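Beneath this line is the structure, given in structure tokens, with notes to follow.
The values are calculated or read from the model by the stated rules, or taken from the named source; none is laboratory data. All values reported here derive from a predicted model rather than from experimental measurement. Glycine also receives a Cβ, built like all others from the backbone with ideal geometry; neighbour counts cover every protein chain displayed.
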Amino acid sequence: MNYTFVETPIGEILVAGDADTVHEIHFAPATPHDDWTRNDAALKYASVQLRSYFAGKRRDFDFPLAPHGTEFQLAVWNALREIPYGETTTYGTLARTIGRPDAVRAVGAANGANPIPIVIPCHRVIGSTGSLTGFGGGLPVKRWLLDHEARIAGLKLF
């Protein structure tokens, strides 16, 4: 697996994948696996798009993704990609979207297991009361991402 680091306003993120396909993104502090190879060129397209996103010039990503997960997780992650930029949804709404209205906790677990945050926008999911809930990058990072998108989209979320 190839990896590179991308400097962002929320800290350095690690992007890992094969050739130009992204498999994982990790928030700082992130350490690559021992059998991974640093190859900035292989993941340049993803790096450029991520930098553009953080600069407020990109809302969508079009590089190939290859997240590894169960059928249920993949369904949740696909549904996450349908949440519009700058908007949020709840775990309950997401569960209903995938046709599993009673699986709210499982949707939360799948959301938390998302291997490609930011690109698969798990940060756009909030609690049913409108509160911010857990996030792999930490709640301050989640808040920053939501505020960033709302500001660029001209929306007010909170």
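In the range 44-58, which residues are over 16 Å from PRO9 (Cα atoms) and surrounded by fewer than 18 Cβ atoms within 10 Å (Cβ to Cβ)?
LYS44, TYR45
Does THR133 count as touching a residue at least 12 places away in the same chain (Cβ under 8 Å) and surrounded by fewer than 20 Cβ atoms within 10 Å (Cβ to Cβ)?
Yes, satisfied.
Could you say which residue among ILE152, ILE83 is aliphatic (A, V, I, L, M) and touching a residue at least 60 places away in the same chain (Cβ under 8 Å)?
Going through ILE152, ILE83 in turn, just one is aliphatic (A, V, I, L, M) and touching a residue at least 60 places away in the same chain (Cβ under 8 Å): ILE152.
Test ASP62 against the stated conditions and say whether it is under 24 Å from PRO9 (Cβ atoms), touching a helix residue (DSSP H, G or I) at 6+ places or on another chain (Cβ under 8 Å), acidic (Asp, Glu) and not assigned by TED's automatic domain parsing to the domain that holds LEU14.
In short, yes.
Select from the range 18-43 the residues that are polar (S, T, N, Q) and exposed (fewer than 13 other Cβ atoms within 10 Å of the Cβ) and write down the one among them that is nearest to GLU82 (Cα to Cα).
Result: THR31.
Tell me which of these PRO115 doesn't satisfy, since it passes every other one: (1) touching a helix residue (DSSP H, G or I) at 6+ places or on another chain (Cβ under 8 Å); (2) in contact (Cβ under 8 Å) with a residue 60 or more places away in the chain; (3) in a loop (DSSP other than H, G, I, E, B).
(1)
Select, from ILE98, ILE126, ILE120, the only residue that is free of Cβ contacts under 8 Å to residues at least 40 places away in the same chain and under 15 Å from the mean Cα position of the chain (by Cα).
ILE126
Looking for whichever is at positive phi and either surrounded by 15 or more Cβ atoms within 10 Å (Cβ to Cβ) or touching a Gly at 6+ places or on another chain (Cβ under 6 Å) (or both) here; the options are ILE118, ILE126. Which one fits?
ILE118 is the lone residue from the list that is at positive phi and either surrounded by 15 or more Cβ atoms within 10 Å (Cβ to Cβ) or touching a Gly at 6+ places or on another chain (Cβ under 6 Å) (or both).
Is there a residue in the range 120-137 that is under 18 Å from ILE10 (Cβ atoms), in a loop (DSSP other than H, G, I, E, B), in contact with a Leu (Cβ under 9 Å, 6 or more places away or on another chain) and at pLDDT 95 or above?
yes
ALA110 fails exactly one of the following numbered conditions: (1) assigned to a helix (DSSP H, G or I); (2) among the aliphatic types (A, V, I, L, M); (3) at positive phi. What is the number of that condition?
Among (1) assigned to a helix (DSSP H, G or I); (2) among the aliphatic types (A, V, I, L, M); (3) at positive phi, the lone unmet condition for ALA110 is (3).
Among (1) within 28 Å of GLU12 (Cβ to Cβ); (2) outside any helix (DSSP H, G or I); (3) over 13 Å from the mean Cα position of the chain (by Cα), there is one condition HIS148 misses while meeting the rest; what is its number?
Of the numbered conditions (1) within 28 Å of GLU12 (Cβ to Cβ); (2) outside any helix (DSSP H, G or I); (3) over 13 Å from the mean Cα position of the chain (by Cα), the odd one out for HIS148 is (2).
Just one of the numbered conditions (1) surrounded by 19 or more Cβ atoms within 10 Å (Cβ to Cβ); (2) out of contact with any Phe, Trp or Tyr (no Cβ under 7 Å at 6 or more places or on another chain) is not true of VAL107; which one?
Every listed condition holds for VAL107 apart from (2).
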